[in-house]
Amino acid sequence: MKTQLHTLIAAIAFAASAASLPALAANDHGSHGSHGAKAADAATEMTDGEIRKVDKENGKLTIKHAEIKSLDMPGMTMVFQVKDKAMLDKVQAGDKVKFKAANESGKFTVTELEAVK
């Protein structure tokens with residue numbers, strides 16, 4: 001009888017602790033949530049740049065840019081595709097800009113662009 005009682009008590013204790021694990025896991029997101037927020041912030045940050053060349057025929061911009069955090073890319077001058085060729089009509093060589101870029105199918109592409117006054 002004592003063995004059955006001990007087994008029953010152990011089973012109840014185990015079940016109670018197992019039932020509380022999902023609640024503990026649901027509340028244990030302290031560092032994980034902040035990392036996700038930082039990644040989202042980096043993905044939405046605009047990068048400073050200067051237009052060096054506008055290639056309307058090929059839908060490309062040459063931009064001297066600061067670090068692009070979302071792409072883990074240091075500052076440099078490089079050629080980008082543009083997502084929308086209408087962006088090319090908004091800028092000319094020498095313009096200061098803020099832009100967002102993404103790696104789309106292996107091609108670095110400007111997805112948003114605004115001239116800085």
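Observations on the structure shown:
- Reachable lysines from LYS60, criterion Cα separation under 17 angstrom, eight or more residues apart if same chain: LYS83, LYS85, LYS90, LYS96, LYS98, LYS100, LYS107
- Residues whose amide H lies under 5 Å from that of PHE108, counting only those 5 or more places away or on a different chain, are GLN81; hydrogens are built 1.01 Å from N in the peptide plane.
- Subtracting the Cα-Cα distance of LYS69 and ASP89 from their residue separation scaled by 0.36 nm leaves 4.6 nm.
- Spin-label model distance (nm) - ALA115 vs ARG52, 7 Å beyond Cα toward Cβ: 2.1
- Karplus-based coupling profile of the stretch 72-81, in residue order and whole Hz: 6, 10, x, x, 5, 10, 8, 9, 10, 6, with θ = phi - 60° in 6.51 cos²θ - 1.76 cosθ + 1.60 and x standing for Gly or Pro.
Read-outs throughout are calculated quantities, based only on the coordinates presented, and are distinct from any laboratory measurement. Keep in mind that what you see is a predicted model, and the values were worked out from it rather than measured. Quick reminder, even Gly has a Cβ in these numbers, built from the backbone with ideal geometry, and neighbours come from all protein chains shown.
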